[in-house]
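Read the structure below first, then the notes.
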Amino acid sequence: MYSFILCSAVALLLGFSGTFIDWWPWYWAIVFTVILFVACWIVVTRRISAQLQPAMSRFQQQAQAGHLDGAMQTLESMLPWGKWVPLLTGQLQAQMGMLAWYDHKKDKALQLLEKSSLRAPDARLLLACILHNKGDTARALTVLQTASIVNKKHPLLHNTWAWILHRTERSDEAQKVLADFCKRMPDDAPSKDNLLRLQNRTRMNMGAFDMQWYALGLENPPQTMGQMRRAPKGFREPPKGRG
């Protein structure tokens, strides 16, 4: 990571230079090095944020306007900054993967979602649902289980995990997933309701998650909801006929 290397080099150079010329003892050099590293890190991250913010704003505007190709190009232009910003590459690939999926570029989307960060729960959730729909349920469950370790308070992720388990006749495991989640999030009403449904051996109700659930493609929305917006929040539905 370039930013970490740069900050470490500057802090070590300045912190221990005083020791080499007998300005302060070695233990003060350690203290100064830590302080200088933090100060350098703040300066570097602020400079990088100032560079990234215009591009991120442009991406949001393009996505909301339905200019998906332009939005994808904007995200791709930010990828080189991943060498400077920790976790940025995985977050960008998550956004790119979701964008490609809702632009009907399924092969590209799958490749990008596979590389997405574990800290991008919506992308990992979409990846798991795609794998489940393709018949690779075992891998889909592995993706959800791994993502849940990092995203312990994501209701839709845990409910989807339980939903797939229940659909594959693993109701006891589904109950445990939701029971553990409800211990962490006792005020989450949809999760509590679904846990009760599982305990009563009835079908889970995912409708409480509205479009976020139906956009995953595991269930069709009720006809009373009208035409579903297939894109995630912040995106317009892409024009029909695009492949």
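The values are calculated or read from the model by the stated rules, or taken from the named source; none is laboratory data. Remember, predicted model here, so these are calculated numbers, not experimental data. So basically every Cβ, Gly included, is an ideal-geometry build from the backbone, and we count neighbours across all protein chains shown.
Matching residues to (1) without any contact (Cβ under 8 Å) to a residue 24 or more places away in the chain; (2) in contact with a Phe, Trp or Tyr (Cβ under 8 Å, 6 or more places away or on another chain); (3) assigned by TED's automatic domain parsing to the domain that holds L216:
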| site | (1), (2), (3) |
| --- | --- |
| D103 | no, no, no |
| K108 | yes, no, no |
| L125 | no, no, yes |
| V150 | no, no, yes |
| T168 | no, no, yes |
| S171 | no, no, yes |
| K176 | yes, no, yes |
| C182 | yes, no, yes |
| P190 | no, yes, yes |
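Here Q73, Q95 are screened, and the one residue that is among the polar types (S, T, N, Q), outside the structural domain of R46 (by TED's automatic domain parsing) and part of a helix (DSSP H, G or I) is Q95.
Quick one: would you say L144 is in contact (Cβ under 8 Å) with a residue 60 or more places away in the chain, surrounded by 14 or more Cβ atoms within 10 Å (Cβ to Cβ) and in contact with a helix residue (DSSP H, G or I) (Cβ under 7 Å, 6 or more places away or on another chain)? Full working, then the answer.
On the way: in contact (Cβ under 8 Å) with a residue 60 or more places away in the chain: no; surrounded by 14 or more Cβ atoms within 10 Å (Cβ to Cβ): yes; in contact with a helix residue (DSSP H, G or I) (Cβ under 7 Å, 6 or more places away or on another chain): yes.
For L144, the condition - in contact (Cβ under 8 Å) with a residue 60 or more places away in the chain, surrounded by 14 or more Cβ atoms within 10 Å (Cβ to Cβ) and in contact with a helix residue (DSSP H, G or I) (Cβ under 7 Å, 6 or more places away or on another chain) - is not met.
Please work out if L157 is buried (at least 18 other Cβ atoms within 10 Å of the Cβ), farther than 19 Å from L99 by Cβ and of a type outside the set (V, I, T). Considered against the rule, which asks whether it is buried (at least 18 other Cβ atoms within 10 Å of the Cβ), farther than 19 Å from L99 by Cβ and of a type outside the set (V, I, T), L157 comes out as yes.
Could you grab me the full set of residues in region 98-134 that are of a type in the set (G, A, S), within 16 Å of L216 (Cβ to Cβ) and not in a helix (DSSP H, G or I)?
At the first step, the residues of region 98-134 found to be of a type in the set (G, A, S) are 100, 109, 116-117, 120, 123, 128.
Then keep just the ones that are within 16 Å of L216 (Cβ to Cβ); that gives 100, 109, 116, 120, 123, 128.
If the condition is that a residue be of a type in the set (G, A, S), within 16 Å of L216 (Cβ to Cβ) and not in a helix (DSSP H, G or I), then S116, A120 are the ones that fit.
Just one of the listed residues (W213, W163) is assigned to a helix (DSSP H, G or I), surrounded by 13 or more Cβ atoms within 10 Å (Cβ to Cβ) and within 18 Å of the chain's Cα centre (by Cα), namely W213.
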